[in-house]
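Worksheet for the structure shown next.
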Amino acid sequence: MKLFRDLYAYRELLKSNVKKDIRGKYKGSFLGILWSFVSPLLMTLVYAMVFPFLMRGSQYESYTTFLIIGILPWTWFTTCIAQGTYCVIGNGGILKKVYFPREILPISVVTSGMINYLIQCIIIFIFVLINHMPITIYLLFLPLILLAQYLFTLGIIFITSAINVYVRDFEYIINFIIQLLFYATPILYELNMFETAPKAIYALMKLNPMAVIISSYRDIFYWGNMPHIKSLLIVTFASLILCSIGLWIFRKLSKGFAEEI
């Protein structure tokens, strides 16, 4: 409850941090905020041209739409992990001069990332409409999927941002792990393609929370189906636990931030 009281007391600081993250990301660039749309579209274009030849992506009615639905939330996740892991060190000067709840830094990173993703959802709806895909009532599950991803991402960042203050190479290790995780997450393919793989590998892939989250986005946007509620609720609950553990670790380690930065 203390976290919520602190967030309310420092809500203006949180709001200004979120605005700074959103506006400052592309500050000085020619296209500005349009890069939020251009960058994932270019990435999707590359995969859409190459990947169908490798794994028969042409079996999908619109492989480009299939890709964009997976790439956009993955971009939110990876961007937040990269920025969030560095957020404490990056704000070291302010931490030494002004008191505020340190938790605001990771929370503002994930919140601005979610807002950016919601703006990017315009791209998804454009592709869905162009390809005459069904827009169903199952879109009402979007807030639950967003919550699962938000908590999961925040839980990781609480831990990585705190450890990175003490172990400066940690952010490079995290970036390497995220690159490996990309191929273990059903972004370029569907998870059920690995049902015939060794049981241990398939079971391990199903334990990946982002696999459930990406598949849930595809269920509501691409297939027009209800997401697998049991798996989604498990991931949401597990992410809540991860977030609580991460917050505890963050608060324990935050006592030495000023000395270490």
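The values are calculated or read from the model by the stated rules, or taken from the named source; none is laboratory data. Predicted model, so just to flag it, every value in this text is computed and none were measured. Please note: Cβ atoms are built from the backbone with ideal geometry, for glycine as well, and neighbour counts cover all protein chains shown. Only protein heavy atoms, including side chains, enter the accessible area calculation; ligands, DNA and RNA are left aside. Shrake-Rupley method; radii C 1.70, N 1.55, O 1.52, S 1.80 Å.
Search segment 80-106 for residues that are over 20 Å from PHE4 (Cα atoms) and without any contact (Cβ under 8 Å) to a residue 24 or more places away in the chain and pair each with any residue that is hydrophobic (A, V, I, L, M, F, W, C) and surrounded by 19 or more Cβ atoms within 10 Å (Cβ to Cβ) when their beta-carbon atoms are under 6 Å apart and the residues are at least 6 apart or on different chains.
The qualifying pairs are ASN91/LEU105.
Restricting attention to segment 156-167, does a residue exist that is over 18 Å from ALA238 (Cβ atoms), hydroxyl-bearing (Ser, Thr, Tyr) and either surrounded by fewer than 21 Cβ atoms within 10 Å (Cβ to Cβ) or more than 19 Å from the chain's Cα centre (by Cα) (or both)?
Yes: segment 156-167 contains one or more residues that are over 18 Å from ALA238 (Cβ atoms), hydroxyl-bearing (Ser, Thr, Tyr) and either surrounded by fewer than 21 Cβ atoms within 10 Å (Cβ to Cβ) or more than 19 Å from the chain's Cα centre (by Cα) (or both).
Could you tell me how many of the residues in segment 160-215 are of a type in the set (Ser, Thr, Tyr) and in contact with a Ser or Thr (Cβ under 7 Å, 6 or more places away or on another chain)?
Of the residues in that region, 2 qualify.
Quick check on segment 86-97. Is at least one of its residues within 20 Å of SER239 (Cβ to Cβ) and not charged (D, E, K, R)?
yes
Show me the helices (runs of 4 or more DSSP H) found entirely inside segment 177-259 where at least 3 residues are closer than 18 Å to ILE81 by Cα and either open to solvent by 20 Å² or more (accessible area, probe 1.4 Å) or free of Cβ contacts under 8 Å to residues at least 12 places away in the same chain (or both). Spell out how you get there, then give the answer.
Values: elements: 199-206, 209-218, 229-254.
Result: 229-254.
Report, by residue number, each residue of segment 170-183 that is touching a helix residue (DSSP H, G or I) at 6+ places or on another chain (Cβ under 6 Å) and at pLDDT below 90.
Answer for segment 170-183, where residues must be touching a helix residue (DSSP H, G or I) at 6+ places or on another chain (Cβ under 6 Å) and at pLDDT below 90: just GLU171.
Determine, yes or no, whether ILE107 is modelled with pLDDT of 95 or more, in contact with a Ser or Thr (Cβ under 8 Å, 6 or more places away or on another chain) and on the phi < 0 side of the Ramachandran plot. Walk me through it before giving the result.
Numbers: modelled with pLDDT of 95 or more: yes; in contact with a Ser or Thr (Cβ under 8 Å, 6 or more places away or on another chain): no; on the phi < 0 side of the Ramachandran plot: yes.
No: the conditions fail for ILE107.
Find the residue count for segment 60-94, including only residues that are part of a helix (DSSP H, G or I), farther than 17 Å from TYR150 by Cβ and open to solvent by 10 Å² or more (accessible area, probe 1.4 Å).
Qualifying residue count for the region: 7.
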